[in-house]
1. Please work out how much length the chain gains when fully extended from residue 66 to residue 35, using 0.36 nm per residue of separation minus the C-alpha to C-alpha distance, in nm with one decimal.
2. Given a 1.4 Å probe and the protein chains all in place, what does the accessible area of residue 19 round to, in Å² to the nearest 10?
3. Just read off the accessible area of residue 47 with the full protein assembly in place, 1.4 Å probe, to the nearest 10 Å².
4. All other residues with a Cβ under 11 Å from the Cβ of residue 58 taken together, and with Lys, Arg as +1 and Asp, Glu as -1, what is their net charge?
5. How much FRET efficiency would the formula 1/(1 + (r/R0)^6) give for residue 79 and residue 47, where r is the Cβ-Cβ distance and R0 is 22 Å, rounded to 0.05?
6. Pull out the extension gain between residue 14 and residue 92, defined as 0.36 nm times the separation in residues minus the alpha carbon to alpha carbon distance; nm, one decimal.
Amino acid sequence: KQQWFFFIKIDSGKCFDVSITAKDYGSEISWTIGTCTSAKAYQNSQTYTESCCLDAGSYTLTCDDSYGDGWDGGFIDIQGQRYCEDFTGGYQQENDVDISYEGKYILWSRSINFLSHSQYCNWQSAKV
């Protein structure tokens, strides 16, 4: 009998939270990244969390402002990175965003009985 150890990767999924913080004039702001887009109209001085599901890869985040004066101090957090906080003028700002997923690993051990060649042949004969 031998003890074997394996590392098994647990997939963390392909979705992540997007946190949007609207400061002043929240109703003017919206965003898009890949196939994900703002899901609601935002109110002033509020933080919202929305889910986004994308494959790992490089994307363009577009922050839009319908009035043309930027996000007025608002920002968006994606996978621990803050974007559009410096968007202080204009209708649109684009940002490069890399989406990645880290899987979790678990250690799994298993005791396995190995048969010698003669034991295997005897076992095969007994099955017939």
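The values are calculated or read from the model by the stated rules, or taken from the named source; none is laboratory data. Just so you know, these numbers come straight off a predicted model, no measurement behind them. Positions of Cβ are generated from backbone atoms using ideal geometry, with glycine treated the same way; all protein chains shown enter the neighbour counts. All accessible areas refer to the heavy atoms of the entire protein, side chains included, with ligands and DNA or RNA removed. Shrake-Rupley method; radii C 1.70, N 1.55, O 1.52, S 1.80 Å.
1. Length difference between fully extended and current span is 9.1 nm.
2. Spelled out: residue 19, probe radius 1.4 Å, area about 30 Å².
3. For residue 47, the solvent-accessible surface is approximately 90 Å².
4. -3
5. Result of the calculation: an efficiency of 0.85.
6. Gain on stretching residue 14 to residue 92: 25.4 nm.
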